[in-house]
Amino acid sequence: SLSLRRGGSIVLVSSIAGFSPFPVRRPRAWRRGALGPYSVSKTALLGLSKALAPELGALNIRINCLAPGIIQTNFSSAVSAGGGRSST
């Protein structure tokens, strides 16, 4: 356990979708499925890291949350294929 070691680091991997969530209902242009639940889960990771930081910091445990942008994969094709939102 990190507390028994008297310190450590936790890294959570969120997404840019956590900062600007997709709608929960699927627009017709998105053929692969709704991305709303995915966005909600990534927003939760951002909140979790903020909520845990003070408590874990007192135990010398650092917590970070990464939020990469869109990377071209099959999963992200629902956004990058023209059916997604704009980046503005």
Among the residues of the stretch 61-82, write down those that are within 17 Å of the chain's Cα centre (by Cα), modelled with pLDDT under 80, surrounded by 11 or more Cβ atoms within 10 Å (Cβ to Cβ) and assigned to a loop (DSSP other than H, G, I, E, B). 70, 75, 76
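Run down 3, 39, 49 and say which single residue is outside any strand (DSSP E or B), surrounded by 11 or more Cβ atoms within 10 Å (Cβ to Cβ), at pLDDT 90 or above and not β-branched (Val, Ile, Thr).
Details: 3 fails: at pLDDT 90 or above; 39 fails: at pLDDT 90 or above.
Answer to the selection: 49.
The values are calculated or read from the model by the stated rules, or taken from the named source; none is laboratory data. Computed from a predicted model, the values in this text were never measured in an experiment. Please note: Cβ atoms are built from the backbone with ideal geometry, for glycine as well, and neighbour counts cover all protein chains shown.
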